[in-house]
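Please read the structure below before turning to the comments.
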Amino acid sequence: MHLFAEATTKFTLELYRQLRESDGNIFYSPISIMTALGMLQLGAKGNTEQQIEKVLQFNETRKKTTEKSAESHGKENVHEQFQKLMTQLNKSNDAYDLKAANSIYGAKDFPFLQTFLEDIKKYYQANVESLDFIHAAEESRKKINSWVESQTNGKIKDLFPSKSLNSSTRLVLVNAVYFKGQWNHKFDEKETTEEKFWLNKNTSKPVQMMKQRNKFNFIFLENVQTKIVEIPYKGKELSMFVLLPVEIEGLKKLEEQLTADKLLEWTRPENMHMVELYLSLPRFKVEEKYELLAPLKHMGMVDAFDPQKANFSGTSSTQGLVVSKLIHKSFVEVNEEGTEAAAATGVESRLLSAPVFQYFSCNHPFLFIVKQNKTNSILFFGKMSSP
């Protein structure tokens with residue numbers, strides 16, 4: 001799965017470049033968005049298919065695969081990777097609650113190809129349903145929203161706002177990801193105190209700062225003046241990585257240097273060191289919503305949204321299928337117990353010398369990632385500018 005991890009990391013950062021213009025917080029699930037695009041690609045042909053593949057970063061990854069081994073290339077490769085991931089994500093687990101669910105809704109009387117229906121169930125474990133968008137668009141919208149809400153334990157409500165679906169809607173793809181995890185070492189609530197979080201050099205706001213002293217995987221990156229800590233969840237199958245610039249306004253420098261290769265390299269277990277840290281992390285809750293048509297167009301996926309050029313002939317023999325909406329909504333809450341999140345998508349390292357333990361105080365803007373360690377897949381990615 002390491003090539004898949006590479007593709008997901010590249011996609012994560014490409015999308016982040018499109019979204020980071022905003023000054024506020026950012027939070028999304030790359031896996032959720034990629035899964036929805038994977039389902040879309042399954043029924044795409046020609047340029048439409050190639051553009052989706054390019055955005056998913058699998059074309060580069062596949063070149064490497066083909067160079068390294070001739071055994072697994074061809075269209076199946078991408079969807080088989082998603083199939084493996086779905087199986088990984090939906091394993092029941094006592095340590096945390098994580099589930100990914102896919103659903104596809106087609107307009108009633110819109111004839112989907114049997115092969116498409118079979119493949120989408122096989123690879124994406126997707127629920128496929130027909131809805132009457134022509135005569136009952138609002139009822140259909142409510143039904144879809146209700147399904148998303150149930151799959152995300154009530155955290156993602158109203159994914160599609162009122163009147164966003166209408167009689168011309170033909171195809172709606174939905175992916176929901178929900179995660180609730182407890183820290184491997186919980187923060188003691190008695191230690192949480194009000195402290196300043198610096199939005200920039202001149203402005204701060206009071207936040208509830210959680211604290212603990214413990215051993216964590218840690219790396220200090222001299223060249224980008226950034227510290228990284230891995231905070232594992234119970235069971236250690238999932239971890240949150242926090243990338244904290246040394247300077248209050250150091251995030252921009254880190255963002256400019258950040259590439260997929262570097263991020264994968266920095267967070268490799270063998271490149272991090274177990275260090276005793278005095279860790280301070282603010283409690284925070286973020287809910288974000290993104291309309292992804294413009295970002296994905298900038299990333300190179302153009303034809304899918306163009307009625308003249310969209311080619312989804314692998315989905316249906318009827319012409320005129322086009323993607324009209326791509327909405328992603330995400331939620332995360334981090335507290336002393338752990339994290340609850342939902343979404344509907346060569347190192348220069350050195351150990352710092354004395355003191356015996358390090359201070360790692362997240363009291364200014366930072367990036368954070370929730371990764372599944374086995375597949376090295378980024379489930380959630382965020383920028384915390386203001387808790």
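How much length would be gained if the chain were fully extended between ASN153 and GLN125, taking 0.36 nm per residue of separation minus their Cα-Cα distance, in nm to one decimal?
Contour length minus the Cα-Cα distance gives 8.2 nm.
Need one number: nm distance between label points at ASP109 and GLU249, each 7 Å from Cα along Cα→Cβ, rounded to one decimal.
6.1
Across the range 305-320, in residue order, what do the Karplus-derived ³J(HN,Hα) couplings come to in whole Hz, using 6.51 cos²θ - 1.76 cosθ + 1.60 with θ = phi - 60° and x for Gly and Pro?
For the range 305-320, the Karplus curve yields 9, 9, x, 6, 10, 4, 10, 10, 5, x, 9, 7, 7, 6, 6, x Hz.
Expected output is a single nm value to one decimal: the length gained when fully extending between GLN83 and THR203, i.e. 0.36 nm times separation in residues minus the C-alpha distance. What is it?
Length difference between fully extended and current span is 38.5 nm.
Taking just the C-alpha trace of the range 256-309, give me its Rg and Dmax in Å.
For the range 256-309, the Cα-based Rg and Dmax read 19.4, 59 Å.
List, in order, the whole-Hz ³J(HN,Hα) value for each residue of the range 236-248 obtained from phi through the Karplus relation with A = 6.51, B = -1.76, C = 1.60 and θ = phi - 60°; use x for Gly and Pro.
6, 7, 10, 9, 9, 10, 10, 9, 10, x, 5, 7, 4
Would you please give the residues with an amide H less than 5 Å from that of ASN127, counting only those at least 5 places away or on a separate chain, with H modeled from the backbone geometry?
Excluding prolines and chain starts, which carry no amide H, the hits are ASN102, SER103, ILE104.
With a point put 7 Å past each Cα toward its Cβ, work out how far LYS285 is from GLU222 in nm, to one decimal.
In this crude label model, LYS285 to GLU222 measures out at 4.4 nm.
Pull up all non-local amide H partners of PHE284: gap of 5 or more, or a different chain, and H-to-H distance under 5 Å with H placed in the peptide plane.
VAL334
Once amide H atoms are placed 1.01 Å from N in the peptide plane, what residues at a sequence separation of 5 or more from ASN311, or on another chain, have their amide H within under 5 Å of its amide H?
LYS45, THR48
Between LYS374 and LYS309, what FRET efficiency comes out of the Förster formula 1/(1 + (r/R0)^6) with R0 = 51 Å and r the beta carbon distance, rounded to 0.05?
E(calc), rounded to 0.05, equals 0.85.
Would you order MET34, MET384, MET272, MET210 from fewest to most other beta-carbon atoms within 10 Å of each residue's own beta-carbon?
Neighbour counts put them in this order, fewest first: MET272, MET210, MET384, MET34.
Given the DSSP H assignment, sum -39500 (n - 2.57) over each helix run of at least 4 residues in the chain and divide by its residue total; what's the result at 222 nm in deg cm²/dmol, nearest 500?
Here the helix-only value at 222 nm equals -9000 deg cm²/dmol.
Could you work out the local net charge near ILE134, counting Lys and Arg as +1, Asp and Glu as -1, over the other residues with Cβ closer than 9 Å to its Cβ?
So the environment of ILE134 carries a net charge of -1.
What per residue convex hull volume, in Å³, do the alpha-carbon atoms of the range 203-318 yield?
So the per-residue hull volume is 213 Å³.
What is the count of Lys pairs in the range 146-219 whose alpha carbons sit under 13 Å apart, if the two are 8 or more places apart or on different chains?
Lysine pairs satisfying the spacing and distance rule in the range 146-219 number 5.
Between GLU194 and ASP132, what FRET efficiency follows from the Cβ-Cβ distance if R0 is 35 Å, with the result rounded to 0.05?
My answer for the efficiency is 0.10.
Fully extended, how many nm does the chain gain between SER22 and ARG213 (0.36 nm per residue separation, minus their Cα-Cα distance)?
65.4 nm
Find, among the trypsin sites (Lys or Arg not before Pro) in the range 219-285, those assigned to loop by DSSP (not H, G, I, E, B) with at most 11 other beta-carbon atoms within 10 angstrom.
Passing both the DSSP loop test and the Cβ count: LYS236.
Karplus couplings for the range 277-284 from phi (6.51 cos²θ - 1.76 cosθ + 1.60, θ = phi - 60°), rounded to Hz, Gly and Pro as x?
With the stated coefficients, the range 277-284 comes to 10, 9, 9, 10, 9, x, 5, 8 Hz.
Using the crude model of +1 on Lys and Arg Cβ and -1 on Asp and Glu Cβ, and no other charge, please compute the dipole size for the range 245-387 relative to its Cα centre, in debye to 20.
Using Cβ point charges on Lys, Arg, Asp and Glu, the range 245-387 gives about 320 debye.
Taken together, the values in this text are just the output of simple stated rules run on the coordinates, not laboratory data. All values reported here derive from a predicted model rather than from experimental measurement. Heads up, the Cβs are rebuilt from the backbone with ideal geometry, glycines too, and the neighbour counts pull from every protein chain shown.
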